[in-house]
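Asks: Here you go, one structure.
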Amino acid sequence: MEPIRKDELEAKDCGSQAPKSKPCPRPKPGEAAGGCSFDGAQITLLPIMDAAHLVHGPIACAGNSWESRGTLSSGPSLSQYGFATDLNDNDIIFGGEKKLKDSIDYIAGRFAPPAIFVYSTCVTALIGEDMDAVCKEATGRLGIPVIPVNSPGFVGSKNLGNRLAGEALLQYVIGTGEPEDNIPLGVNLIGEYNIAGEMWDIEKLMNSAGITLMSRITGDARYKEITWAHRAKVNMVVCSRALLGLAKAMESKYHIPYFEGSFYGAKETTYSLRQMAFLMNDREMERRVDRLTEREESRLIQDLRPYRKILKGKRAVLYTGGVKSWSIISALKELGIQVVGVGTNKSTDDDIARIAERVGDDTEFIPEGGASRILKTVRDRKADIMIAGGRNMYVAMKEQIPFVDINQERHRAYAGYEGLLRLAKEMTYSLANPIWKLASSPAPWDKEVPYDR
Amino acid sequence: MTVSKRSKPASVNPLKIGQSLGGVLALQGCYRALPIIHGPQGCSAFPKALLTRHFREPIAVQTSALQEMDVIFDANRNLEEALNTILTKHRPDIIGIIGTELMDVAGVDYQSMLKSYKRERNLRGGLAFSVTLPDFIGSLESGFSGTVEAMVDELIQQAGHRNQRSVNSRQITLLPGSFLTPGDVMEIKEMISAFGFEVITVPDISTSLSGHLLTGFSPLTRGGVPLDSMLQSLQSGLTIAIGGSMERPARRLHNAIGTPYKVFQGAMGLKATDDLLHFLHQISGEPVPLRYCWHRENLLDSMLDAHFQFAGMSVIAALEPDHLYSVSQWLEELGVEQKALITSCETPVVSGMEREVWVGDLDDAEVLGSGADLWISSSHGLAGAERIGAAFMPAGFPVWNELGAYMSTSAGYRGAMDWTNKAGNLLIRREAGRRESSVRHR
């Protein structure tokens, strides 16, 4: 097994509440990959679907990034609008605060959103725009929350941006509202963004067990449900690297217990549902969860049978980026797939420990990205399939390696019991596709066989 | 004739794409090239993701990965580190350093840094240049043409003086605009070489982003025009630029080494293709190849077939300036009403148009285009088109909700025919949908 880099250890505070002066390893010029903090802040907050999200800066930060996420909405679509102050050179010389104020007024007047999130960018941070003051003034004047998100791209990585967004929620949103009287208190999901509709599958499961989903932070969320998140009885952290700090802060501030869990794979799903019921301290609920998970698991075993036959013994390299590696590993193991390589560059120490628990000694750890590094692992370990994010998809296609997209741009939901079945199908389709054979065989005139009359 | 702008403080659903993305796109058309975006990580991650989604190909780009403190103390230290890493690890033939708005605002002088770096390291044999592409002016189109201009500049400098030039009159340098797809570039290359010319295309995305299965991964571009061909292009007897934005690099070649040039505003539709082929026919003395005569008739016939469909229809188009001009000329030939034309920034080409053009965003398109039957824009326009009930035709950049959009061809007679049929089919389907729903509601 390859030793884990020192940077990994430096990075351990990346997801925690109080980072040291250097919170994340510095990206290396010339070999860096991945997004910036601004990107990370948007990932966390854009799934608040009814709010307006205004980017304060020149056009590219908004223009190049809007509509790039697979987060789905069951109703309002205002967060899918791309709003930008679109600063020009004059604004930068004379200051963009007036334009920001006018933009906020314009959006409030025309779209009447329940809240407006305002994102700073590198340029507006550098020229020292006082965004907090503009937002505060607008909040008072307009009577709706206008929330500054101070996460310009150059402060660090995507993960830091997730954390800064979490801090904005803590500071300005959570605890500012009260739940409607008829809502039973329940669980908050933290760090689940409803990619490809996964939240809906999870919500369905929770509902069948009689567990109330209080606040979705933030997949397919409405603004007001986050304002009352402090009344929940349990927090479940779905993606720990991103928002563990938020859960920790809510524990100390509002005494809400939290646990880290996942919905990838039947085992993890069952564990998560049980943990919810346990922390809710409700015996009846625990019994309901047991009945539900038993039923779902036995049905899943039946449904998976034909796919397991094909997938059993197949070797996979996993490079997930944002989605927790360890939970996907559990899911893959349930399908009979052997994970021969796994990316760890976005995992916390706890995550790495969990990965080590779940994989054998034979698994290679890939601590840093870069397509060539991943491809090398695929080749060295004779993997049959690569499971990674969209950025590496076409790298795999060029090398004619079967591929399943697991990241934020994907179109399939893999959470819960139904999700595992979908993942099994997707992997089977990918492996069994005739294209691999067709693409690797030469044109007839390139074969050295004489033409058969 | 008039360029208008709706007054609102914020941009709502931007049409504009940052200039630096245009720069990255231009460098994808050069073999073994690597653009470095001098700025924070996000400035390269977003274009990379967006270009990957559009072209469905890996995209070569790197970053100097600036963080707050680097910007304050010495941003060029990061750039130097990036250059060192890239030169030792990948040895690209062409490096393009793209300066972002942050570099502009912070006042970082990376141009002279690059010069001294090249001198100190004695960099020879490759091409390294820098170009400033802040996002608060221009758009994708100007970023693309600006990068080509900087590249041509560096080529000229490297090749040396005018008197060493031996002109090859059978060789033409083609400068294709940013709005042309790999399929378009291929079509235009074919047209020019059909008259017996050698064509060197700068940059050539038709051989890098058209979907090919070269194996062997590389973080550099695979395909595109190689550096030695680019150097050889200085011997061309003529430059042909497609798109008004490409006039500046063409003029640069003319001023520095005397290559005459001809600019075609577009290559889409009957008249534009007639002009291009007629010109090629005249300068070569060769007859127009028979297949183009056939294509011309095919186009005219399909326009006849489609004219019933287009009668009384209105269209809204929101595209980059040169692209908008081209599409508008084609719409003119179809005889449809052009309800509103919207573009990302003002250029001489759009201010010279006979129709009113709006500089704005996709929200303006929604407002100005209400009641339109067909909506032509990037995939970002899909939601707006749905809201106003128009049929949606993806074009421009980025397009992600259609397979093979990067090979969709609008250039030449055949391209115009494809587009005419595609637009007509969308209108047929829309009409059928409406008829069905009116039956159901009775």
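Asks: Which value, in Å², gives the accessible area per residue of the protein assembly as shown when a 1.4 Å probe is used on the protein heavy atoms? Display every interim value, and only then the final one.
Replies: Numbers: 35140 Å² over 895 residues.
I get 39 Å² per residue for this part.
Asks: According to a simple spin-label model (label point 7 Å from Cα along Cα-to-Cβ), what is the distance in nm between residue B:275 and residue A:111?
Replies: Distance between label points: 4.0 nm.
Asks: Taking Cα atoms of chain B, Rg/Rh with Kirkwood Rh, to two decimals?
Replies: Working: Rg = 22.3 Å, Rh = 22.7 Å.
Rounded to two decimals, Rg over Rh is 0.98.
Asks: Looking at the stretch A:277-400, I'd like the Rg to Rh ratio, where Rg is from alpha-carbon atoms and Rh is Kirkwood's inverse mean 1/r. Can you show the working numbers first?
Replies: Details: Rg = 17.2 Å, Rh = 16.1 Å.
Here Rg/Rh amounts to 1.06.
Asks: Shifting gears a bit: Within chain B, how many lysine pairs that are 8 or more places apart, or on different chains, have C-alpha atoms less than 16 Å apart?
Replies: Eligible lysine pairs with Cα atoms under 16 Å apart amount to 4.
Asks: Additional query: From the backbone phi of the stretch B:139-147, what are the Karplus-calculated ³J(HN,Hα) couplings (6.51 cos²θ - 1.76 cosθ + 1.60, θ = phi - 60°) in whole Hz, Gly and Pro given as x?
Replies: 7, 3, 4, 6, x, 5, 5, x, 5
Asks: Cross-link list A:158/A:267; A:101/A:248; A:425/A:447; A:28/A:101; A:136/A:158; A:233/A:324: which exceed 31 angstrom alpha carbon to alpha carbon?
Replies: On the way: A:158/A:267 29 Å; A:101/A:248 34 Å; A:425/A:447 35 Å; A:28/A:101 37 Å; A:136/A:158 26 Å; A:233/A:324 25 Å.
Those over the limit are A:101/A:248; A:425/A:447; A:28/A:101.
Asks: In nm, give the distance between the simple-model label positions of residue A:295 and residue A:182, each being 7 Å from the Cα along the Cα-to-Cβ direction.
Replies: Rounded to a tenth, the inter-label distance reads 2.5 nm.
Asks: Tell me which residues come under 5 Å, amide H to amide H, from residue A:260 once H is placed; ignore anything under 5 positions away on its chain.
Replies: For residue A:260, whose amide H was placed from the backbone, the distant partners under 5 Å are A:237.
Asks: For the protein assembly as shown, with only Lys/Arg (+1) and Asp/Glu (-1) charged at the beta-carbon, what is the dipole magnitude about the Cα centre, in debye rounded to 20? Write down the numbers at each step before the final one.
Replies: Values: 97 positive and 106 negative charges, 389 e Å.
Approximately 1860 debye in magnitude.
Asks: Sticking with this one: Taking H as built 1.01 Å from N, whose amide H comes closer than 5 Å to the amide H of residue A:51, not counting residues under 5 places away?
Replies: Amide H neighbours of residue A:51: A:79, A:223.
Asks: Taking residue A:398 as the anchor, which aspartates and glutamates have their alpha carbon closer than 18 Å to its alpha carbon, excluding any fewer than eight residues away along the same chain?
Replies: A:380, A:384, B:57
Asks: With a 1.4 Å probe and every protein chain kept in, tell me what percent of the accessible surface of the protein assembly as shown is carbon plus sulfur.
Replies: On the way: 17740 of 35140 Å².
On the protein assembly as shown, the fraction of accessible area on carbon and sulfur atoms equals 50 percent.
Asks: Here's something else I'd like to know. Quick one: helix B:42-55 against the long Cα principal axis of chain B, what's the angle to the nearest 10°, folded into 0 to 90?
Replies: Approximately 50 degrees, to the nearest 10.
Asks: Still on this structure, please answer the following. Residues with amide H under 5 Å of residue A:339's amide H, sequence separation 5 or more or different chain, H placed in the peptide plane at 1.01 Å from N; which?
Replies: A:316
Asks: As an exercise, use a Förster radius of 51 Å and the Cβ-Cβ distance of residue A:284 and residue A:89 to find the FRET efficiency, rounded to the nearest 0.05.
Replies: 0.20
Asks: Longest exposed-loop-site-free stretch of chain A, with GluC sites (Glu not before Pro), DSSP loop and at most 12 other Cβ within 10 Å? Kindly include the intermediate steps, with their values, before the conclusion.
Replies: Numbers: sites that count: A:180, A:448.
No qualifying site falls inside A:181-447, the longest such stretch.
Asks: Output ³J(HN,Hα) for the stretch B:212-220: one whole-Hz value per residue in order, computed from phi by the Karplus curve 6.51 cos²θ - 1.76 cosθ + 1.60 with θ = phi - 60°, and x for Gly and Pro.
Replies: Result, rounded to whole Hz: 9, 9, 5, 8, x, 6, 9, x, 8.
Asks: A follow-up question, please. Give me the log10 of I(q) over I(0) for the protein assembly as shown at q = 0.05, 0.08, 0.09 Å⁻¹, as the Debye formula computes it from C-alpha points; what are the numbers?
Replies: Values returned for q = 0.05, 0.08, 0.09 Å⁻¹ are -0.29, -0.77, -0.98.
Asks: In whole Å, what three semi-axes, largest first, describe the equivalent ellipsoid of the stretch B:19-159 built from its Cα gyration tensor (square root of 5 times each eigenvalue)?
Replies: Calculated on Cα positions only, the semi-axes equal 20, 19, 15 Å.
Asks: Here's a follow-up. What residue among A:147, A:298, A:329 has its Cα farthest toward the positive end of the dipole of the protein assembly as shown, where the charges are +1 on Lys, Arg and -1 on Asp, Glu, each on the Cβ?
Replies: Comparing the listed Cα positions along the dipole, A:298 ranks first.
Asks: Charges at C-beta only: +1 for Lys and Arg, -1 for Asp and Glu. How large is the resulting dipole of the stretch A:326-453 about its Cα centre, in Debye rounded to 20?
Replies: Dipole magnitude for the stretch A:326-453 comes out near 400 debye.
Asks: Between residue A:303 and residue B:354, with labels modelled 7 Å along Cα→Cβ, what's the label distance in nm to one decimal, could you check?
Replies: 6.2
Asks: Provide Rg and Dmax in Å for the stretch B:291-440, with only Cα atoms included in the calculation.
Replies: Rg then Dmax for the stretch B:291-440, in Å: 15.2, 50.
Asks: Grab every C-alpha pair in chain A, bin the distances at 10 angstrom width from 0 up to the longest one, and report whole percents.
Replies: Calculated P(r), rounded to whole percents: 4, 20, 29, 25, 14, 6, 2, 1, 0.
Asks: Shape verdict for the stretch A:334-415, please, from the Cα gyration tensor: rounded (a/c under 1.5), prolate (a/b greater than b/c) or oblate. Each step should come with its number before you reach the end.
Replies: Numbers: a/c = 1.44, a/b = 1.23, b/c = 1.17.
Rounded shape, in that the Cα axes give a/c under 1.5.
Asks: Could you give the C-alpha radius of gyration of the stretch A:376-448 expressed as a fraction of 2.2 N^0.38 Å, taking N as the number of residues it contains?
Replies: Numbers: Rg = 14.5 Å, N = 73, 2.2 N^0.38 = 11.2 Å.
That ratio works out to 1.29.
Asks: For the stretch A:178-294, what does the alpha-carbon gyration tensor say about shape, rounded, prolate or oblate, given a ≥ b ≥ c as the root eigenvalues, a/c under 1.5 as rounded, and a/b over b/c as prolate?
Replies: Values: a/c = 1.36, a/b = 1.21, b/c = 1.13.
Since a/c stays below 1.5, the shape of the stretch A:178-294 is classed as rounded.
Asks: May I ask for the accessible area buried between chains B and A, both sides summed, probe 1.4 Å, to the nearest 100 Å²?
Replies: Values: alone 19440 and 20780 Å², together 35140 Å².
Approximately 5100 Å², summed over both chains.
Asks: Can you give the charge dipole size of the stretch B:300-442 about its Cα centre, rounded to the nearest 20 debye, using +1 on the beta carbon of Lys and Arg and -1 on the beta carbon of Asp and Glu?
Replies: About 700 debye.
Asks: Work from the charge dipole of chain A (Cβ charges, +1 for Lys and Arg, -1 for Asp and Glu, about the Cα centre) and give the residue of A:56, A:273, A:227 farthest towards its positive end.
Replies: After comparing all options, I get A:273.
Asks: Here is a follow-up. Give me the aspartates and glutamates in straight-line cross-link reach of residue A:99: C-alpha distance below 16 Å, same-chain residues under 8 apart excluded.
Replies: Candidates past the 8-residue exclusion: A:86, A:89, A:91, A:129, A:130, A:132, A:137.
The values are calculated or read from the model by the stated rules, or taken from the named source; none is laboratory data. Given the structure is predicted, the values throughout are model-derived calculations rather than measurements. Cβ atoms come from the backbone with ideal geometry, glycine included; neighbour counts cover every protein chain shown. Calculation scope for accessible area: heavy atoms of the full protein, side chains included, ligands and nucleic acids excluded. Shrake-Rupley method; radii C 1.70, N 1.55, O 1.52, S 1.80 Å.
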